[in-house]
Structures are given as structure tokens and as C-alpha cells.
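The values are calculated or read from the model by the stated rules, or taken from the named source; none is laboratory data. Since the model is a prediction, treat every value here as computed from it, not as a measurement. Here the Cβ positions follow ideal geometry from the backbone for every residue, glycine too, while neighbour counts run over all protein chains shown.
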Amino acid sequence: MVEPKFTVIIPTYNRSDILAGTIASLCEKQTGLLPDWEVIIVDDGSTDNTQRVLTEYRNRNARLSFLTQENKKQGAARNAAMKLAKGELFIFLGDDIIPSPEFLFTHWKRYVQEGRPSNYAAIGRTFWHPEIKETPFRYWINEWGQQFGFRLITTPNNVPFNFFYTSNLSFSRSLYQQYGGFDESFREYGWEDTELGYRYKKNGMELRYEPGAIAYHLHEITLTSFCKRQFKVGYSAVQFHRLHPELSDFLLITKIRPELAYSKHLLWIVAHFFEILDEHTKADFCRIHDRILKTYLQLGMLKAQREFGE
């Protein structure tokens, strides 16, 4: 049996409908001349129809395998897949990301063109899926803001570690073998992939931007849902800082005043109001969005600082 040259890794949790589209695009719609490859999906304790979807696709596609674990978060799920992966290149996708037909070919081609170096890593380009209405807020978080911020990349052949996005990312097996995988101590969403990128970068990883590796984000994010995300990101930022205290400025770590918690309910009302404006007008309120999201980030930090006794 020929060993696969690369492994696609997808952690998933309760997104069976979108996941089905991700798998179909990977296993049935990819174009270009590809070497042997495999897909490993880790079900992180889903309670929806994920097991049924995975079983159906595994029966139809020999290259696909999956495993199930109790809910340990996405870092642990990716680590479980990397332990089983046979490829020399790992390609990561989110379970709400639909890859374009040329996605795999572009990731693999760039790796080969660079000489298959041991310190290789590359992020691809992610757009909103055509089914998702693009509003000023969604455009901003994808291009300039706190989701991806692709237009902030100024050095495409030497990308900073904070763009190490596992929703559309490839890196060499050698980095994993030498420096380990994701830190599984993160309790909430956010920063576990950036923390790994930071460790790899310190050890010589060269992160590139490959805009031809296109994928589509099929997840209808709103201002209020993103506020909840940023709350978790703020919580995880404190944990990130405990691991790497030298990054206090980057992580915006400060001692958050306890009275900020009293503004949470009013802030939610404000966020909901601007969410309605975003959905029904073309007005750009991104400066206000940014301020709201940074406050939710601080609220998450406050929660973590209280729990960690800081």
C-alpha cells in the first residue's frame, strides 16, 4: 500500500450538516494531479448526526477515516489526528469551511515548489461562502478585523505567527515531530492554534500566505455571536499569557477593573442594536463594532483573571 503524501485533518463538533459539505468537497470535487492522500476527522463528542455522516462518507471513500473522543476541545482533537497521520504535510480545515476544487492541489503544489522544507507552513485564503450574506461587519472581520484580517498581511513570504489559522493551514510533519502539537490545557475557544504558531515560529517555522488555496466559510456570524466568541478569546488570552508572559503587549493583557462586569447587559443591548443595523443597512459602523468586541474581550479576561486569582 502506498503511503499518503499528505493528511487532511478536521476536528468537528455538532456541525454535521456543514461537515457533510466539507467532506463532499474534499473527497468528490478536488481537481489537479495529486499524490496519494488521506483525510482524518475527529469527532469531539458530538451529539448530533455527525457519526451517521462520517460513517456514510467513510463507506464511500476509502481515503477517509475518523475517530471519536469525549469533548476535549479542538486542540486535543487535532493532536489525536496527528498521532495517526501518515502524510509528510498536514493540511487543516475547520468543520465549517468548504474547500474550493483547487484547494488541495494548491497547498501541495506550494509545498513542493518550496522544496518540501522541514520548517514549512502556509495559510490559505478564506472567503465567506456565497450562501452567507456579506454585511459591512462580516466583510470587516474577514478582511481587516478580528476573524482573519487577510488584508493586514504585508509580508506574504514571512507571515507573523498570529495568522496561524487552522481553518485553512498546512505545515510539515517535521514541525510536529520536533516541537509537539497543540496545548490541550486551553479551556475555551481561541488562541490554541496561535500559541502553537508562536512556538513553531520561535523554532524557525517559515509561515507563508498562499492566496490560491481558497476555501469558503459557511458559518453565519453576527455581531452578537462574535461577542460571545470574543469573550472566550479573552478568557483564553489570559491562559496564553500564563504560558508566554513575554506576550503581554501582544495579547493586550491588563488588569481589568471588576466594575466592567456591570456593563455587560447594557453592552449586549447596544451590540444587538448595531447588529440589526448591519443586517439591514450598508452603513459602516466598524469602529463601534471594534470597541464592542474589545470590551467583550476584556470581560473574558476578567473572568479568567478571577478564576486564576490574578
Might you check whether a residue that is over 19 Å from ARG125 (Cα atoms), at pLDDT 95 or above and of a type in the set (Ser, Thr, Tyr) occurs anywhere in segment 201-218?
no
For segment 41-57, name all the residues that are surrounded by fewer than 22 Cβ atoms within 10 Å (Cβ to Cβ) and of a type in the set (S, T, N, Q).
SER46, THR47, ASN49, GLN51, THR55
Given (1) in contact with a helix residue (DSSP H, G or I) (Cβ under 6 Å, 6 or more places away or on another chain); (2) surrounded by fewer than 17 Cβ atoms within 10 Å (Cβ to Cβ), index of the condition ARG60 fails:
(1)
Return a yes/no flag: does segment 53-64 have any residue that is of a type in the set (Lys, Arg), in contact (Cβ under 8 Å) with a residue 12 or more places away in the chain and closer than 17 Å to LEU218 by Cβ.
no
So for segment 194-207 (the condition being buried (at least 17 other Cβ atoms within 10 Å of the Cβ), among the hydroxyl-bearing types (Ser, Thr, Tyr) and farther than 26 Å from SER118 by Cβ), does at least one residue qualify?
no
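Quick grid of which residues meet (1) more than 18 Å from PHE164 (Cβ to Cβ); (2) more than 16 Å from the chain's Cα centre (by Cα); (3) basic (Lys, Arg):
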{"residue": "LEU54", "(1), (2), (3)": "yes, yes, no"}
{"residue": "ASN59", "(1), (2), (3)": "yes, yes, no"}
{"residue": "SER65", "(1), (2), (3)": "yes, yes, no"}
{"residue": "THR68", "(1), (2), (3)": "yes, yes, no"}
{"residue": "LYS73", "(1), (2), (3)": "no, no, yes"}
{"residue": "ALA80", "(1), (2), (3)": "yes, yes, no"}
{"residue": "LYS86", "(1), (2), (3)": "yes, yes, yes"}
{"residue": "GLY94", "(1), (2), (3)": "no, no, no"}
{"residue": "ILE98", "(1), (2), (3)": "yes, no, no"}
Being without any contact (Cβ under 8 Å) to a residue 40 or more places away in the chain and of a type in the set (Ser, Thr, Tyr) is the requirement here; does TYR139 meet it?
yes
Determine, yes or no, whether SER65 is assigned by TED's automatic domain parsing to the domain that holds TYR120, in contact with a strand residue (DSSP E or B) (Cβ under 9 Å, 6 or more places away or on another chain) and crowded, with 19+ Cβ neighbours inside 10 Å.
no
Answer yes if at least one residue in segment 122-130 is assigned by TED's automatic domain parsing to the domain that holds TRP37 and not in a strand (DSSP E or B), and no otherwise.
yes
Residue selected from segment 157-182 under the condition among the polar types (S, T, N, Q) and farther than 17 Å from TRP108 by Cβ, by the criterion surrounded by the most Cβ atoms within 10 Å (Cβ to Cβ)
THR166
